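So the structure is just underneath, and the comments pick up after that.
The values are calculated or read from the model by the stated rules, or taken from the named source; none is laboratory data. These figures come from a predicted structure and were not determined experimentally. When we count neighbours, we look across all protein chains shown, and the Cβ atoms used for this are built from the backbone with ideal geometry, even at glycine. These area figures cover heavy atoms from the full protein model, side chains too; ligands, DNA and RNA do not enter into them. Shrake-Rupley method; radii C 1.70, N 1.55, O 1.52, S 1.80 Å.
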Amino acid sequence: MRHIALTVLLCLALSGSAYSDVISLWNFNDDDLLSVDRGSGFMTTDFSGIASASGTSLNARDGDPAGQALRLAGTANNGGSLTWMVNTEGFDTITVSFAGIRTSTGFNNNEFMYTLDSGVSWTNFATYDPGTAFTLQAFDLGGIPALNNNPYAGFRIVFWGATSSSGNNR
């Protein structure tokens, strides 16, 4: 089986380097923010009012410019989520990575989760605070063999801790 890095680019753009195979990649550099830019998979959200903002080259892949980032904002969206459904058939040692940043009043208590059954149930894998400078978030899911070769795999981030209507994460 091939090793895979699922690159969910929550505020970045990409350029090449020595990485594992990529099954799904979102770079947010076009008007269709939720559509996969390379590979296969789909992203959904229950956030109201998603937008774009300036991105970064941190976690860059495939020569993409540091263009746009997905921007999620506001206390009304505490508990909101981004969900990615990705078929990992033929892959093992799954890793999800992205660059993230928040404002001082943005979401500072985020839960990274995975599913093995198309989202029927979710398991919390880690909690993180992206901080107020772009930081690489990388989740090594290689210790979860059920994610390997799984057509029903998915990943989710639930956002908590925004303290103002303008507080945001990219």
Table column - 3J(HN,Hα) (Hz), the range 129-134, Karplus curve with 6.51, -1.76, 1.60, x for Gly and Pro
10, x, x, 9, 9, 3
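For the range 61-119, which whole percent of the accessible surface, found with a 1.4 angstrom probe, sits on carbon and sulfur atoms?
Numbers: 830 of 1890 Å².
After summing per-atom areas, the C and S share lands at 44 percent.
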Total charge of the residues flanking LEU25 in space, meaning their Cβ is under 9 Å from its Cβ, with Lys and Arg +1 and Asp and Glu -1, is -1
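Relative contact order of the chain: what whole-number percent is it, with Cα pairs under 8 angstrom and at least 6 residues apart? Please list the in-between numbers first.
Numbers: 519 pairs, mean separation 46.9, N = 170.
Worked out over the chain, it gives 28 percent.
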With every protein chain present, what is the per residue accessible area of the chain (1.4 Å probe, Å²)?
41
Need one number: nm distance between label points at SER104 and ALA51, each 7 Å from Cα along Cα→Cβ, rounded to one decimal.
2.0
